[in-house]
2 protein chains.
Amino acid sequence: MPKIRVTLKTIASKLGISVPTVSRALKDYPDISKETKTAVLKLVDELHYIPNNLALNLRKNKSNIIGVIIPEVVHFFFSSVIKGIMQTAENHGYSVLLTQSQEQLKLEKKHAKLLFSSHVDGLLVCLSDETKSFDHFKIFEEFNIPLVLFDKVLDTDTISHVIINDREGAFQATEHLIHQGCSNILFLKGPKDPLNTIERFNGYKDALEKYNIPLDSSNIKSCPHITRPEAYHLVEKVIKEGQLFDAIFGVSDILSIGALGACQDNGIKVPEKVCIIGFSDSEMCEITRPQLSSVYQPGFEIGEKSTLKLIQEIQHIENDGEQKAEQIILKSSLKIRESSNRILKTFC
Amino acid sequence: MPKIRVTLKTIASKLGISVPTVSRALKDYPDISKETKTAVLKLVDELHYIPNNLALNLRKNKSNIIGVIIPEVVHFFFSSVIKGIMQTAENHGYSVLLTQSQEQLKLEKKHAKLLFSSHVDGLLVCLSDETKSFDHFKIFEEFNIPLVLFDKVLDTDTISHVIINDREGAFQATEHLIHQGCSNILFLKGPKDPLNTIERFNGYKDALEKYNIPLDSSNIKSCPHITRPEAYHLVEKVIKEGQLFDAIFGVSDILSIGALGACQDNGIKVPEKVCIIGFSDSEMCEITRPQLSSVYQPGFEIGEKSTLKLIQEIQHIENDGEQKAEQIILKSSLKIRESSNRILKTFC
DNA sequence: TAATATTACGTAATCGATTACGTAACCGAT
DNA sequence: ATCGGTTACGTAATCGATTACGTAATATTA
């Protein structure tokens, strides 16, 4: 036999007063007598009254919920982002309704609609690889529900977004490899479309250009699924075919780790013969032997900054303010470890 | 200038009919004329009417939201669980409100209350390490809101829970090490209280007993924070102090990986001199050299099964059925790789 | 003493949707 | 011509909380 939920009505009828009086007593309105207030507070405490958020949200047209659409949860980078989002949201009194697009536009659309109907106060989205337009987010704009994109975005100057400087990060990584004496650098890229893949490639090109190293298109290799075995087999094939290279830059740690394995299993010493660097600086980088150099991608910070921006926009709108889109670019930075460090003499 | 949300009222007044008529037209009630229905449907389509879930939830006293409290998001195992939860919830028309306890009882309590006031239809919880009682979940029981625990639970036969057979898994791992000829097995344990840590230790003991190997308490080492450096330094210290051992079983992959590093950096060959096995079978196991053997912990499946159980209980309650607690035990299994495999001759 | 001010509430509307119930208009049948 | 039945709606209540407004009862002042 489940208990019936305690509402203001419960308390009102127990005290023989009206519901609004109870409400006002709880909110300490000046026109409620002290006796009534203490009586209400006492009952509230005894009966463990907990306000019904659904009713509050309906009334106030505000849910204190932030909707999040992310492509994939099981991923070091994204889980860091989620943590950043949740921590920041919680600190500001917001809850997080989390959904997963699984890199599918169809699901992204579905979740956008669901989150809209759930009256989220704002939306944080990392676009799926399939997404090519913002059409399905138009309703949020129309109804003045703030939307902030992060990490994977499309070109826009009307929607705020938080990204990291992929181009700069990739540039630094490539330059670092060049400083190690490498000039024949394999570039392992991911799916072709996302802006950050493209930017990383641009950074790679920038560095080659700066040092007058011609771009060799046979050095550009594609791993569209971004899996370790994919990179492993690809690099192994390159080795077996006798293609020469002295460094590998993968757009994702997992690719570089696959590449590292292929080198090791084929007798190529890292970093002596080949320097390797990854992207993201995930946990795994410290686990490989040699440890993997990588471009640090501040996942937690992206989550944090996007959420802060979103909350700021929410509050701005509540105060009827006009809002202009802002682009926030976070810095990536190099984490140099053994896999690309020839100066720090290593082991094995 | 934000648009005003389209509600049933908008449509009703545009057509000069009443709100309930619009509602019934949309739900295809038989006592609404075809003309009215088509007119309503046409407007609904034109104005992009989207129902207000808040209002629906309030009316139906059902939110279609599942609350989740998890200790930590950035963790291979937990992110797999979350994925299992989200996928299953979505398939059954539920959304997921995710919160993080950060292993703090205080936050767990806070989130429980918040989720209750948000009228979640059910609650999935992985208890924090600090949690010693279910007191803060009593309200859910009282109001007949289903609660399902997973992974880290306390002893209970009134609350359904989904766990893996830690004892069996640890037994198999230890037995496997013994089969490799090891008899002096370091056991790296985590925080002392959680049931699964205890169970893993029991599995370890069971195996030793079966093979008549005396339990040497100096082989039991504690890594309460479960970090890689912790395990690294601990094992390094053991080596430097000259304590002998021929295998290491860590209750978490990250501990075993730390241990592996310590062995390698101190000239101890794995698996020739020391066999190592971990627990969870996270991504990282395939990345180390030698690759790390581990006890596979079905994260996705735990999420999936807990959610299914929860939804089943929710639906059961909606049909006024009585519900009895169920314990679901998932099987863990051995993933044997190079770090504990002396038969499959490895490298370097 | 009568007019006014203050105190401490209650009434009614509201948020958006649903649903039990009531009813006007029209039908055919007696 | 009146009755009963059907059709196609509208009215009112409801979910739980908030808030503008109204109003008795008492207190204060002219």
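Express in % the proportion of alpha carbon pairs of the protein assembly as shown at distances exceeding 48 Å. Tail of the P(r) past 48 Å holds 25 percent of the pairs. So which helices of chain B fit the span-like rule, where a helix is a whole DSSP H run, its Cα atoms reach 24 Å or more along the axis, and its mean Kyte-Doolittle is at least -0.5? What comes out of the filter, once short or polar helices are dropped, is B:299-318. Taking a Cβ cut-off of under 15 Å around B:Ser13, the surrounding Lys, Arg, Asp and Glu residues balance to a net charge of +2, with basic ones at +1 and acidic ones at -1. The residues neighbouring A:Leu186, those whose beta-carbon lies less than 15 Å from its own, together hold a net charge of +2 under the Lys/Arg +1, Asp/Glu -1 convention. When the alpha carbon gyration tensor of chain A is reduced to an equivalent ellipsoid, the three semi-axes, largest first, read 54, 20, 17 Å.
Straight-line cross-link reach from B:Lys240 at under 24 Å between alpha-carbon atoms covers these lysines, not counting any fewer than eight positions away in the same chain: A:Lys345, B:Lys189, B:Lys221, B:Lys269, B:Lys273.
A straight Cα-to-Cα reach below 17 Å connects B:Lys34 with the lysines B:Lys42, residues fewer than 8 places away in its own chain not being considered. Rolling a 1.4 Å probe over the protein heavy atoms gives the protein assembly as shown an accessible area of 45 Å² per residue.
Take chain A, connect every pair of alpha-carbon atoms lying under 10 Å apart with a spring to form a Gaussian network, then pick out the residue of A:Leu310, A:Leu292, A:Leu58 with the largest mean-square fluctuation. Its mean-square fluctuation being the largest, the pick is A:Leu58. With a Förster radius of 56 Å applied to the beta-carbon distance between B:Glu46 and B:Leu195, the computed FRET efficiency rounds to 0.45.
What a 1.4 Å probe finds exposed on the range B:8-51 is 56% carbon and sulfur by accessible area, rounded to a whole percent. The alpha carbons of the range B:39-105 give a radius of gyration and a Dmax of 17.2, 55 Å, in that order.
In this structure, the amide hydrogen of A:Val153, modeled 1.01 Å from its nitrogen in the peptide plane, lies closer than 5 angstrom to those of A:Leu195, A:Asn196, counting only residues at least 5 positions away or on a different chain.
Interface size, chains A and B: roughly 5600 Å² of accessible area buried, both sides included, 1.4 Å probe, rounded to the nearest 100.
The C-alpha radius of gyration of the range B:8-51, expressed as a fraction of 2.2 N^0.38 Å, stands at 0.98. So which residue, out of A:Ser133, A:Ser23, A:Ser79, gets the largest mean-square fluctuation from a GNM of chain A using Cα contacts under 10 Å as springs? So, out of A:Ser133, A:Ser23, A:Ser79, the one fluctuating most is A:Ser23. Our estimate of slack between A:Ser183 and A:Lys240, defined as 0.36 nm per intervening residue step minus the Cα-Cα distance, is 18.5 nm. Sorted shortest first, the distances from the A:Glu35 label point to those of the same residue in the other copies are 6.2 nm; each point sits 7 Å from Cα along Cα-to-Cβ. One Cα centroid belongs to the range A:49-64, the other to the range A:125-158; the line between them spans 27 Å.
Placing R0 at 25 angstrom, the Cβ-Cβ distance between B:Arg59 and B:Ala325 gives a FRET efficiency of 0.20 after rounding to 0.05.
Pairs with C-alpha atoms separated by more than 30 Å, drawn from the list B:Lys27/B:Lys113; A:Lys62/A:Lys109; A:Lys309/B:Lys113; A:Lys60/A:Lys309; A:Lys62/B:Lys106, are B:Lys27/B:Lys113. Accessible surface of A:Tyr232, taken over heavy atoms with a 1.4 Å probe and every protein chain present, rounds to 40 Å².
The values are calculated or read from the model by the stated rules, or taken from the named source; none is laboratory data. Source: prediction; values computed, not measured. Here the Cβ is made from the backbone with ideal geometry for all residues, glycine too, and neighbour counts use every protein chain on show. Accessible surface is based on the protein model in full, side chains and every heavy atom, while ligands, DNA and RNA are left aside. Shrake-Rupley method; radii C 1.70, N 1.55, O 1.52, S 1.80 Å.
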